[in-house]
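Worksheet: one structure, shown below.
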Amino acid sequence: MNAYKANLINSITLITIGLWGYFESSSVTALIPVVFGFILIFCSKGVKSQNKFVAHIAVLLTLIILLALVGMRLPKSISSGGLGLIRVLAMIGTSTLAMIFFVKSFIDARKNKS
């Protein structure tokens, strides 16, 4: 797997699970991951072509959504449990996976540069 595929998986997960959460709870805040997912999909072409600027935007957005999920949403989901917790854990998992592959890609680019 590479950063492009990890970003695509994360984007699709954020969109589908965010929509699922929205339709289940009718809370507008459930659409926040959907917005991030669509922006990350738009970044996919740049990530695939190894455009540094676009890749850094994708990393920043992934980091923001990951921190928001872990810092704000996870504690609420743990206390309420159920499918909401599973949805949040899935989004955290794919966002973490994307971050790992972004960092790996940046390290590999740095090694190839020198």
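Of note:
- Taking segment 15-86 and the helices (runs of 4 or more DSSP H) fully enclosed by it, the elements with 1 or more residues that are in contact with a Ser or Thr (Cβ under 8 Å, 6 or more places away or on another chain) are at 32-48, 52-68.
- The residue that is nearest to LEU63 (Cα to Cα), among those in segment 23-43 that are loosely packed, with under 12 Cβ neighbours inside 10 Å and of a type in the set (S, T, N, Q), is SER27.
- Every residue from segment 78-104 that is of a type in the set (S, T, N, Q) and modelled with pLDDT of 90 or more: SER79, THR94, SER95, THR96
- Any hit, segment 22-29, residues being at pLDDT 95 or above, more than 15 Å from GLY84 (Cβ to Cβ) and out of contact with any Cys (no Cβ under 7 Å at 6 or more places or on another chain): no
- Criterion (within 15 Å of ILE32 (Cβ to Cβ), surrounded by 14 or more Cβ atoms within 10 Å (Cβ to Cβ) and either in contact (Cβ under 8 Å) with a residue 40 or more places away in the chain or not β-branched (Val, Ile, Thr) (or both)) met by exactly one of ALA98, ALA90, ALA55, ALA68: ALA68
- If only residues of segment 101-114 that are of a type outside the set (D, E, K, R) and under 15 Å from GLN50 (Cα atoms) are counted, the one that is surrounded by the fewest Cβ atoms within 10 Å (Cβ to Cβ) is ASN112.
The values are calculated or read from the model by the stated rules, or taken from the named source; none is laboratory data. Model, not experiment: these values are computed from the prediction. Methodologically, a virtual Cβ is constructed for each residue, glycine included, from the backbone with ideal geometry; neighbour enumeration extends over all protein chains shown.
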